[in-house]
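Rule-based calculations on the coordinates, nothing more; no lab input. Everything numeric here is computed off the predicted structure, so don't read it as measured data. Note that we place each Cβ from the backbone using ideal geometry, even for glycine, and neighbour counts take in every protein chain shown.
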Amino acid sequence: MNYSIKKQVNYSFIGAVAKAKTLLAEEGFGILTEIDVKATLKNKIDAEWGNYVILGVCNPSLAYKALQEEKEIGLFLPCNVIVYEDERNIFVSAVMPTVAMEMIKNKSLMEIAKQAEEKLKKVMEKLSLEDQDEKSWKAFDLVCGMELNIADVRHSFEHEGKEYYFCSETCKSHFVEDPDKYIGAN
C-alpha cells in the first residue's frame with residue numbers, strides 16, 4: 001500500500017528542509033513540530049543515524065473542519081512531512097491523508113483529507129519544479145554578507161522563530177554568540 005508522496009530533490013539537506021517549510025507555508029500549513037531524528041536518537045540511545053527531520057504540519061482551517069466532524073481525529077493530526085538523506089540523496093516525503101482516513105469510513109472526513117492531500121501534492125510538485133531552477137532561491141549570510149544558493153547551504157541556525165543561513169561553521173558560530181549584533185546591522 002502506498003501511503004506517501006515522495007520526491008528526490010537536488011537541495012542540500014538543510015536547503016530541502018528550509019524549502020519544504022516555505023512551500024508548506026504557501027499552501028497554508030503551519031509547522032507545529034520539528035523533530036531532528038538524528039539528534040534525538042544520538043541523545044536518547046547513543047545511536048548513529050543519518051540526517052532525518054520529521055515536520056508535523058497542520059492546515060488550521062482543514063483541521064478545524066475535521067475536528068468538527070470527529071473529535072477523535074486529533075489522533076491523526078498533524079500530518080507528517082519528512083526530509084531525509086539516503087546514500088547522499090535527499091528526499092522529501094509527505095503522508096497521504098486519504099490513506100489514514102480509509103480506516104475511519106467517514107465521507108466528510110475523506111473529503112477534508114482529499115483537500116489536505118491536494119495541498120501536500122502541490123508542495124511536492126513545487127519542490128520538483130523549483131528544484132530544477134534551484135539558483136533562484138537565495139539567502140544571505142548576515143555575518144560575512146555572502147549571497148548563498150539555498151540548495152547548497154550546509155549551516156543554519158534558528159533564532160526567535162526565523163532560520164538564518166551561513167556559508168561556514170565559523171560564520172554560524174559568530175552569529176550564535178551574538179545574534180543581535182548581526183540582525184540589527186542588516
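In the structure shown, do any of Lys126/Lys162; Lys19/Lys122; Lys6/Lys138 have a Cα-Cα gap over 19 Å, and if so which?
On the way: Lys126/Lys162 22 Å; Lys19/Lys122 13 Å; Lys6/Lys138 24 Å.
Checking Cα-Cα distances, Lys126/Lys162; Lys6/Lys138 exceed 19 Å.
For helix 60-69, what angle does its Cα long axis make with the longest principal axis of the chain, in degrees from 0 to 90 and rounded to 10?
Approximately 20 degrees, to the nearest ten.
Where does each of Lys122, Lys105 land when they are ranked from fewest to most other beta-carbon atoms within 10 angstrom? Show your work: numbers first, answer last.
Working: Lys122 14, Lys105 8.
So the ranking, lowest neighbour count to highest, is Lys105, Lys122.
Less than 15 Å Cβ to Cβ from Glu169, Lys/Arg counted +1 and Asp/Glu -1: what total charge do the surrounding residues give?
Values: positive: Arg154, Lys172; negative: Asp141, Asp152, Glu177.
Value of the local net charge: -1.
Give, as a single signed number, the net charge of other residues whose beta carbon lies under 14 Å from the beta carbon of Ser61, with Lys and Arg counted +1 and Asp and Glu -1. Kindly include the intermediate steps, with their values, before the conclusion.
Values: positive: Lys65, Lys119; negative: Glu27, Glu69, Glu111, Glu118.
Here the charged neighbours net out to -2.
Once label points are set 7 Å from the Cα along Cα→Cβ at both Asn80 and Ser128, what is their separation, rounded to one decimal in nm?
Calculated label separation equals 2.3 nm.
For the range 34-186, what does the relative contact order come out to in percent, with C-alpha contacts under 8 Å and a separation of six or more?
On the way: 184 pairs, mean separation 18.8, N = 153.
Computed value for the range 34-186: 12 percent relative contact order.
Between Gly15, Gly30, Gly145, where does the largest GNM mean-square fluctuation fall for the chain, given springs only between Cα atoms within less than 10 Å?
Greatest mean-square fluctuation among the candidates belongs to Gly145.
Where is the GNM fluctuation largest for the chain (alpha-carbon springs, 10 angstrom cutoff): Ala47, Ala139, Ala25?
Ala47
Report the label-to-label distance for Val37 and Met1 in nanometres (one decimal), using points 7 Å from each Cα along the Cα→Cβ vector.
In this crude label model, Val37 to Met1 measures out at 2.0 nm.
Quickly work out the Glu111-to-Ser173 label distance, labels modelled 7 Å from Cα along the C-beta direction, and quote it in nm with one decimal.
5.8 nm
Got a sec? How would Ile14, Ile54 order by Cβ neighbour count within 10 Å, fewest to most? Please list the in-between numbers first.
On the way: Ile14 22, Ile54 16.
Ordered by Cβ neighbours within 10 Å, fewest first: Ile54, Ile14.
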